[in-house]
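The values are calculated or read from the model by the stated rules, or taken from the named source; none is laboratory data. Since the structure is predicted, the reported quantities are computational estimates derived from the model, not experimental observations. Every residue, glycine among them, receives a Cβ derived from its backbone with ideal geometry; neighbour counts consider all protein chains shown. These area figures cover heavy atoms from the full protein model, side chains too; ligands, DNA and RNA do not enter into them. Shrake-Rupley method; radii C 1.70, N 1.55, O 1.52, S 1.80 Å.
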Amino acid sequence: KIDVQVGRPIKMMLAQRIDALEEVQDKITGKLAIEAKYDGERMQAHKNKEGKIVIFSRRLDNITKQFPDVVKYLQEHVSAKEFVIEGEVVAVDKEGKPLHFQVLMQRKRKTDIQEYIKKVPVQLKLFDLLYYNGKSYLHQPYSERTEQLAKIASKGKHIMLADRIVTDNLEDVGEFFHKMLKEKQEGIMIKGMDSEYQ
């Protein structure tokens with residue numbers, strides 16, 4: 001019942017593991033959104049009416065100072081007066097290929113931040129919108145949240161929407177899963193198109 005307040009972190013929606021794809025049909029009905037699960041750090045970015053962006057970690061810690069480059073990417077590529085957006089930040093090499101989580105952890109520092117921005121570049125993969133220009137999207141279906149996110153976020157070298165397919169065919173899910181593993185991602189996240197953010 002507590003409404004979204006920009007600048008106050010929102011406890012992040014978590015996933016449940018499954019052992020076999022067939023289990024999905026017991027848990028989610030209808031069309032499925034299949035997203036890449038990245039080997040990075042979850043972020044929740046808040047932008048207030050004054051244009052200030054604050055970034056929170058999964059544990060709701062303020063990690064803005066460690067990622068001034070991500071703040072800049074959000075300012076340049078998300079057109080909104082106010083937002084609360086979620087994504088995963090991953091370390092990448094010069095070609096934009098993902099690197100291990102341990103490499104990203106070098107960015108968790110209080111000193112030499114500018115040096116490590118050059119040393120460990122990152123990409124932010126956006127996947128959810130919780131608030132936009134005065135309106136909470138928490139109770140909107142996933143399809144509506146991601147549709148609005150796609151409208152306001154433009155792709156850049158260091159910021160983009162998460163890799164995703166929409167299907168109701170488990171074979172497609174399996175193929176996408178193996179494709180993501182080949183691309184050195186952690187796996188996949190399966191979401192119901194009509195699900196709320198919980």
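A compact table of results
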item	result
Computed FRET value (nearest 0.05) for Gln102 with Lys182, which takes r as the C-beta separation and R₀ as 30 Å	0.90
Contour minus Cα-Cα distance for Asp194 and Lys135 (0.36 nm per residue)	19.4 nm
Fully extended contour minus Cα-Cα distance, from Tyr116 to Leu161, at 0.36 nm per residue	13.8 nm
Backbone N within the range 119-145 under 18 Å of label point (7 Å from Leu60 Cα along the Cβ vector)	130-131, 138
Within the range 129-171, trypsin sites (Lys or Arg not before Pro) in DSSP loop having at most 15 other beta-carbon neighbours inside 10 Å	Lys155, Lys157
Whole-angstrom Cα spans of the range 81-198 along principal axes, big to small	43, 40, 24
Taking all pairs of distinct alpha-carbon atoms in the range 1-118, Kirkwood radius in angstrom	16.4 Å
Heavy-atom surface of the range 136-198, accessible at 1.4 Å and reported per residue (Å²)	58 Å²
Positive minus negative residues near Gln114 (Lys, Arg vs Asp, Glu; Cβ under 13 Å)	+4
Net charge contributed by nearby residues that have their C-beta within less than 15 Å of Gly134 (K/R +1, D/E -1)	+1
Computed FRET value (nearest 0.05) for Glu171 with Glu144, which takes r as the C-beta separation and R₀ as 30 Å	0.65
Per residue, in Å², the accessible surface of the range 1-114 once ligands and nucleic acids are set aside, probe 1.4 Å	61 Å²
Within-14-Å neighbourhood charge of Glu186 [Cβ basis; K, R +1; D, E -1]	+1
Projected area averaged over orientations for the chain, convex hull of C-alpha atoms, nm²	11.2 nm²
Percent RCO, i.e. relative contact order, over the chain, from Cα pairs under 8 Å lying at least 6 residues apart	30 percent
Cβ-Cβ FRET estimate between Ile152 and Asp19, R0 fixed at 41 Å, reported to 0.05	0.65
Accessible carbon and sulfur surface of the chain relative to its total accessible area, %, 1.4 Å	49 percent
Cross-link pairs beyond the 26 Å C-alpha cut-off, checked among Lys27/Lys157; Lys157/Lys179; Lys47/Lys157; Lys118/Lys157; Lys1/Lys155	Lys27/Lys157; Lys1/Lys155
J(HN,Hα) series, the range 154-164, from Karplus relation 6.51 cos²θ - 1.76 cosθ + 1.60, nearest Hz, glycine and proline x	9, 7, x, 5, 10, 8, 6, 6, 5, 4, 7
